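Down below is the structure, laid out as structure tokens.
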């Protein structure tokens, strides 16, 4: 017997599917935070309408059809039974209002990136190729002011107005990654966590670090930015694995 899966009659279906796959794989990598943390994807030209995960749903269960469609300029978003998490709304709503170039945004408290964000010096030196990816391409927020309700969310978003900087190391908190697509953003989030792990483990040896010269680090970062289709192929492969396993993420 052939089983046919019907696609729900919903707009922005490909973006929904890609975002759901990113949630599922983030959970598999243990980069989730229980039923907290949140991803969003802009769906209109100025970025103020966006998809985001529902309140308090584990990443490992999120499906494409579950995602909320929100308006960053709608003051009534937090009213009603289907309201998003208030801190998610504060952080992502502020980001999509202030940074139209932030088409996709992923916020996690992944272990090694959060360790980095907890150090007095949260800089990520270019000690390997992954670390060099982010050379001069991140900002550090050293003004943590509590949960990302309203004003705090907008304060954080204001730190990402430079389109070159697509990573915010959120001091005492975690990370916010932005990008052009789900694939672009997920790939950046994945490699930032890998880079942070390399750096933290290198520090644990107590040995001197082999830091790349600035010109080589910048050259490497540019070359990786221009590397063809790497992010898209990464997400395509992850979706292929989920499909092979019979996951319901794309439902």
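The values are calculated or read from the model by the stated rules, or taken from the named source; none is laboratory data. Predicted model only: the values in this text are computed from it and were never measured. Positions of Cβ are generated from backbone atoms using ideal geometry, with glycine treated the same way; all protein chains shown enter the neighbour counts.
One residue stands out among those in the stretch 199-209 that are surrounded by fewer than 17 Cβ atoms within 10 Å (Cβ to Cβ) and in contact (Cβ under 8 Å) with a residue 40 or more places away in the chain: the one that is nearest to residue 111 (Cα to Cα), which is 200. Of the set (1) surrounded by fewer than 16 Cβ atoms within 10 Å (Cβ to Cβ); (2) out of contact with any strand residue (DSSP E or B) (no Cβ under 8 Å at 6 or more places or on another chain); (3) at pLDDT 90 or above, all apply to residue 71 but (2). The set of residues from the stretch 210-246 being at pLDDT 95 or above, part of a loop (DSSP other than H, G, I, E, B) and either within 22 Å of the chain's Cα centre (by Cα) or surrounded by fewer than 11 Cβ atoms within 10 Å (Cβ to Cβ) (or both) comprises 210, 213, 245, 246.
The listed residues are 165, 156, 99, 104, and the only one of them that is closer than 20 Å to residue 50 by Cα, surrounded by fewer than 22 Cβ atoms within 10 Å (Cβ to Cβ) and in contact with a helix residue (DSSP H, G or I) (Cβ under 9 Å, 6 or more places away or on another chain) turns out to be 99.
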